[in-house]
Amino acid sequence: MGHWWVRNIIEPGKLPLLLALAAFVLTFAVTRVITRLIRAGRGPFRNVSAGGLHIHHAVPGVVLVIVGGFGAFAGDRHGAGEALAAVVFGVGAGLVLDEFALILHLDDVYWTEEGRKSVEAVVLTAALVALLLAGFAPFGVNDLTAQEVADRGTVIANICANFVLALVALSKGKARLAVFGAIVPLVALFGAVRLARPGSPWARRFYGHRPRARARAILRAYRHDRRWSRPGRALEDWIGGRPDPKPPRLPEGRR
């Protein structure tokens, strides 16, 4: 275990990245536990306010991200200072991305359906950092032989081709596959060859005059959502908490 740790973490200089990832995930988990306790009215925790203004935890998160980011450049790049800066940055990033939906919508949507975007952003970020920590090079360059790496044309062609596949997957409404495909080439290829989701830019451009393709895309999206939406929502509820139900919409004359 010690040999693996030195060879795969210490020697490649991945310890700060590992510390930042651990601090990021732990901060998100602890923050969600505390906010759920506050929501339920349990425990000693309360919302932080100053002069009647509710202070969202993204505010200290931004401060910690700034301190940790600049501290990583200003401190010793091979000592305890770099490790401390990585932890501070990870904590700040966890606080900020926990309220990603609030920043996106510029509204307090923490416990709403739109607030699920925060959980998605955190899970996606943690997965990408874990991939980098595991040693995956972007665009599949790690799959090339030494001779291929020496040929710059092969490397550039590999990068461009995979980037195009990721863009195609993104235009087909498959954002997660596009992001992961930027690191794992087969994922981008899978997203690029599959049918586009209805309403995506690709579907609007290429399925407009192809009713059969449009019908197949709608049917496939329906089957996919029917199969995976319930487990996905249950997992998001377990991680981030169940959103508040939307209030019923009143008729125009009764508002």
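The values are calculated or read from the model by the stated rules, or taken from the named source; none is laboratory data. On a predicted model such as this, the values are computed, not experimentally measured, just so you know. Glycine gets a Cβ as well: all are built from the backbone with ideal geometry, and neighbour counts include every protein chain shown. The accessibility values were calculated without ligands, DNA or RNA, using every heavy atom of the protein model including side chains. Shrake-Rupley method; radii C 1.70, N 1.55, O 1.52, S 1.80 Å.
Using the rule -39500 (n - 2.57) for each DSSP H run of four or more residues, divided by the residues of the chain, the 222 nm mean residue ellipticity is -21000 deg cm²/dmol. The Rg/Rh ratio of the chain, with both radii computed over alpha carbons and Rh defined as the Kirkwood radius, is 1.03.
Could you rank 238, 202 by how accessible they are, 1.4 Å probe, largest area first?
Values: 238 190, 202 70 Å².
Result, largest first: 238, 202.
Rolling a 1.4 Å probe across all protein chains gives residue 108 an accessible area of roughly 90 Å². Using a ≥ b ≥ c from the Cα gyration tensor of the range 80-133 (square roots of the eigenvalues), is it rounded, prolate or oblate, where a/c under 1.5 gives rounded and otherwise the larger of a/b and b/c decides, a/b for prolate? The shape class here is oblate.
Extension gain, residue 175 to residue 244, is 22.2 nm, computed as 0.36 nm per intervening residue step minus the present C-alpha separation. Sequence-distant contacts, meaning Cα pairs under 8 Å at least 6 residues apart, place the relative contact order of the chain at 15 percent.
If 128, 106 are ordered by their accessible area, calculated over protein heavy atoms with a 1.4 Å probe, which sequence runs from highest to lowest? Before the final figure, lay out the partial values.
On the way: 128 40, 106 155 Å².
Heavy-atom accessible area, descending, gives 106, 128.
You can think of it this way: the chain between residue 38 and residue 190 has 50.5 nm of extra reach, that is 0.36 nm per residue less the Cα-Cα gap. Accessible area per residue was computed with a 1.4 Å probe on protein heavy atoms; residue 216 scores about 140 Å².
For residue 112, the solvent-accessible surface computed with a 1.4 Å probe is close to 40 Å², ligands and nucleic acids excluded.
Approximating the spin labels as points 7 Å out from Cα along Cα→Cβ, the residue 209-to-residue 133 distance works out to 5.1 nm.
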